[in-house]
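Chemist: Dropping the structure in here first, questions after.
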Amino acid sequence: MEPVIGIDLGTTYSAVATLDAGVPLLIPSRAGARLTPSVVGFTAMGERVVGERAQILGDEAPDRVAPATKRFIGKRWSPQLEKAARAVVPYPLLAGPQGEVRIKVAGRLMPLTQVSAMLLGELKLDAEAHFGTAVSKAVITVPANFDEGQRQATREAARIAGLEVLRLLNEPTAAAMAYGLVNSFQGRALVFDLGGGTFDVSVLEMESGVYEVKATGGDPQLGGDDFDARIVQWLLAQVPDLHREAVSRDRVSMQRLRYAAERAKRALSDQPEAYLSVGELGDHSEGAGDRLCQLDTALTRDFFEQLTQPLTARCLEVCQQVLDAAGLTARDVEAVMLVGGMTRMPLIRQLVTQFFGRQPVTGINPDEAVALGAAVHAAELASRQGQTVLIDVATHTLSVGVLGGTVRRLIARNSPVPASARETFLPGRTGQTQARIPIYQGESEFSDECTRLGEVVLSELSVVNRSEVPIDVTFELSNEGTLSVRAVDTTTGMAEAIRIEARTTLNPAEVDTLSLEQAAYSAQQAEKDKVLAIQTFPRVLDKAERLVRLLEKSAEENPSPEADSAVGQVRALLAQGRVAVKVGDTAQMAEVTRLLERLVALA
Ligand code: AMP
């Protein structure tokens, strides 16, 4: 069977995993790392670099890389968004033809879905190198609070990357699946997911393979980047007056400060004080001369915790809101599962422990839980064994706009999905020939405080008397959070499906072009990976030979049927590996490597 993978496409880091003999396993990148920085860049020679190499390039040339693009994916461009982005990312945001966000990086104008596709493509290549064969099916995770547009954009990115999405899975649900499997936990769990850009909280009921989400919530504007931004502000205040203005306007300098801040923040999770040294701060634009300055300072953990106090307090506020929505108290929660790199911050662990009156569950790295859970679900969907049942909830309230600037709610937030609702509306005015039914998403009762998703237009109405032309509107929300809307003029039976105007997906021709470009790149990389696999495999065989000798020796000293069987297994793998070398079969080589690793891990 073709292997399937789970992908956590994170704001700052991404990861890919698979289910290996029933155990969720993180697939290392081809560079040997467990996590891949979610950064794409282009060198001065025009070469594409992704992940670690892009992160390193960003240290030297922040204007050549695109980090944290997930913050803007699937959103409509607006001057406010562009302004807010300036505080957190080094690249400018521009409006595309569909109102979507594009970014300018290393002189290239790119749709955000292309950037995500490059990241997904890299993870796909990592998985293909791991399996030695093509991989095309994945479960991809998204924050629970991602809206319709953001989910569509993630699917578009997958399409460009040549991946079939088995399902988009909410990140907290994925993490609960991984924790649930590894700890054989059953009961009421709360997932506390503080990542690079967003904060998600979900309460789930987990009972013999049934995962029922009771409530979900979060703050889409709260994440590790905000903690970094607080440090950056503090650093900026220490830049000499003469340079401060120029530094704060200079994208390169601001990115240097952000990198230093993020590193210091991580160091403070393990030590009480961090030293920061940031050079070449000032105006980097051409002709600005070379009036650059250097900043050397130290940050203590205590002071960092004070600087970020409003952010940590906000995390607990959100937990309370989600508990309220689920009708529970903190003490009702039987397991707290931490997800996201930011939950390594000691104060967060301490506050969570105090708030819930219990230690968080351990056993899985918080930054790997989501990918591992996605892999568990991917295997489940691919095998269609139906051992787990997933009951998720609507993450936003979905409504129809009515007269007077208010909305009528059809599907309430936290309703179990799939969900459907039907309501009858009467067109506004007598004599009207067309009914426009606007669709909104959001929690406010006022339409201008909600996000407009689009509208259904029913034409050729003949409204003589308002009450004579009732229009039936049906909302259907799929188990993945995708909404479809239908409106029917009940007098004529004429129906219309929604035209989602707010959708920012690219036109199909551009998607095709980008897909071809990505496929060509992947094919080239896969060829290089194959050559590399053939070159490095003899080292695996050497290792296997050493292992056989070791096992033979120990079988001689302590004879047992188990010891003989271990020798036999490694010998068989060695033989299989030698055949693979003879015929140049990289899939076979990958399998031998994987099985050997599994044996070594069990030994
Ligand atoms: P995610 O990609 O969702 O795991 O979250 C990444 C966020 O976690 C980024 O803001 C990182 O800076 C932050 N992070 C990663 N490791 C640590 C650490 N050891 N201590 C504090 N924050 C961390």
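Chemist: Only residues that are open to solvent by less than 40 Å² (accessible area, probe 1.4 Å) and closer than 15 Å to Met110 by Cα: list them for region 72-81, please.
Modeler: Residues satisfying the conditions are Phe72, Ile73, Gly74.
Chemist: Could you tell me which numbered condition Asp324 fails, if it satisfies all but one of (1) open to solvent by less than 40 Å² (accessible area, probe 1.4 Å); (2) assigned by TED's automatic domain parsing to the domain that holds Ala21?
Modeler: (1)
Chemist: Consider Asp564 against the criteria (1) within 30 Å of Arg30 (Cα to Cα); (2) loosely packed, with under 14 Cβ neighbours inside 10 Å: it satisfies all of them except one. Which criterion is unmet?
Modeler: Every condition holds for Asp564 apart from (1).
Chemist: Another question, then. Among the listed residues Lys553, Lys582, Lys543, identify the single one that is out of contact with any Asp or Glu (no Cβ under 8 Å at 6 or more places or on another chain), open to solvent by 90 Å² or more (accessible area, probe 1.4 Å) and touching a residue at least 40 places away in the same chain (Cβ under 8 Å).
Modeler: Result: Lys543 is the single residue among Lys553, Lys582, Lys543 that is out of contact with any Asp or Glu (no Cβ under 8 Å at 6 or more places or on another chain), open to solvent by 90 Å² or more (accessible area, probe 1.4 Å) and touching a residue at least 40 places away in the same chain (Cβ under 8 Å).
Chemist: Report yes if Arg331 is more than 18 Å from Asp225 (Cα to Cα) and open to solvent by 40 Å² or more (accessible area, probe 1.4 Å), otherwise no.
Modeler: For Arg331, the condition - more than 18 Å from Asp225 (Cα to Cα) and open to solvent by 40 Å² or more (accessible area, probe 1.4 Å) - is met.
Chemist: Going by the conditions given, is Val201 β-branched (Val, Ile, Thr), within 13 Å of the ligand (Cβ to nearest atom) and either assigned by TED's automatic domain parsing to the domain that holds Val89 or crowded, with 24+ Cβ neighbours inside 10 Å (or both)?
Modeler: no
Chemist: Looking only at region 223-240, count every residue that is more than 16 Å from the ligand (Cβ to nearest atom) and buried (at least 21 other Cβ atoms within 10 Å of the Cβ) and tell me the total.
Modeler: Count: 1.
Chemist: Would it be correct to say that Gly195 is under 30 Å from Pro92 (Cα atoms), in the same structural domain as Gln114 (by TED's automatic domain parsing) and within 14 Å of the ligand (Cβ to nearest atom)?
Modeler: Yes.
Chemist: Go through (1) more than 14 Å from the ligand (Cβ to nearest atom); (2) surrounded by fewer than 18 Cβ atoms within 10 Å (Cβ to Cβ) one by one and return the number of the condition Pro220 breaks.
Modeler: So Pro220 meets the others, but not (1).
Chemist: So, in region 257-295, exactly how many residues are within 33 Å of the chain's Cα centre (by Cα), open to solvent by less than 60 Å² (accessible area, probe 1.4 Å) and away from the ligand (no atom under 16 Å from the Cβ)?
Modeler: Number of matching residues: 3.
Chemist: Something else about it: Can you give me the number of residues within region 259-275 that are farther than 14 Å from Trp234 by Cβ and of a type in the set (Lys, Arg)?
Modeler: So the count comes out to 2.
Chemist: Taking the stated definitions as given, is Leu222 among the aliphatic types (A, V, I, L, M) and over 19 Å from Thr12 (Cβ atoms)?
Modeler: Judged against the criteria, Leu222 is not a match.
Chemist: Among (1) open to solvent by 10 Å² or more (accessible area, probe 1.4 Å); (2) charged (D, E, K, R); (3) part of a helix (DSSP H, G or I), there is one condition Arg167 misses while meeting the rest; what is its number?
Modeler: Only one criterion is unmet by Arg167, namely (3).
The values are calculated or read from the model by the stated rules, or taken from the named source; none is laboratory data. Computed from a predicted structure; not experimentally measured. Don't worry about glycine lacking a Cβ; one is built from the backbone with ideal geometry, like all the others, and counts go over all protein chains shown. When the accessible area is computed, the model is the full protein with side chains, heavy atoms only, and any ligands, DNA or RNA have been set aside. Shrake-Rupley method; radii C 1.70, N 1.55, O 1.52, S 1.80 Å.
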